[in-house]
Amino acid sequence: MKGRYQGLPKGGIFTKVTGSTFAPGVIDESLVDVGVYLCPVYDNAYDDYAIEVRRGDNDARVGYLRAVYSFHLQAYAETHGLSASVRGVTGGTKDKPYRGLNLYVHTNDGTPLPSKDFMLGEGRRAS
């Protein structure tokens, strides 16, 4: 990886956090410094494979990884550990008042994750 992505662990994916509109006031620019961590949720009523994104400083829920990704990634979280790097905070303007979060998700041990093409295509779970 080159430029602003230099130094990120290889084999990860870039993604946005979903559900952040239900966590007003939790997302701000400080997340770039305090970071986030990922936490599988085994009793989520809407997604059996849910992975929460939580603030590193106060444990507040920021949102979730997209369900189409968490379906594949929960097993990686259990066997290799998952981490996320905050790559940007979005929104918070008059036109876009809700805040969003861009992440780079990777395993703790360097094991490559499935590609986004796989997770969105041939590896997609049947509805």
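Just need the Rg to Rh number for the chain, please, alpha carbons only, Kirkwood Rh.
We get a ratio of 0.95 for the chain.
In percent, what relative contact order does the chain have, based on Cα pairs under 8 Å that are 6 or more apart in sequence?
Relative contact order here is 31 percent.
Residues considered: 37, 46, 104. Largest GNM mean-square fluctuation over the chain, using C-alpha springs under 10 Å, is found at 46. Sort the stretch 44-109 into rounded, prolate or oblate with this rule: let a ≥ b ≥ c be the square roots of the eigenvalues of the Cα gyration tensor; rounded if a/c is under 1.5, and if a/c is not under 1.5, prolate when a/b is larger than b/c, oblate otherwise. Prolate is the answer for the stretch 44-109, as a/c is 1.5 or above and a/b outweighs b/c. Grab the chain and count how many Lys pairs have their alpha-carbon atoms under 21 Å apart, sequence gap of 8 or more, or different chains. For the chain, the number of qualifying lysine pairs is 7.
Assuming R0 = 35 Å, can you tell me the calculated FRET efficiency for the pair residue 10 and residue 57, based on Cβ-Cβ distance, to the nearest 0.05? About 0.80, to the nearest 0.05.
Projecting label points 7 angstrom from Cα along Cα→Cβ for residue 44 and residue 116 puts them 1.8 nm apart.
The numbers here are math on the coordinates, done by the rules we state, and not lab data. This one's a predicted model, so the numbers in the text were calculated from it and none came from an experiment. Neighbour counts run over all protein chains shown; Cβ positions are idealised from the backbone, glycine included.
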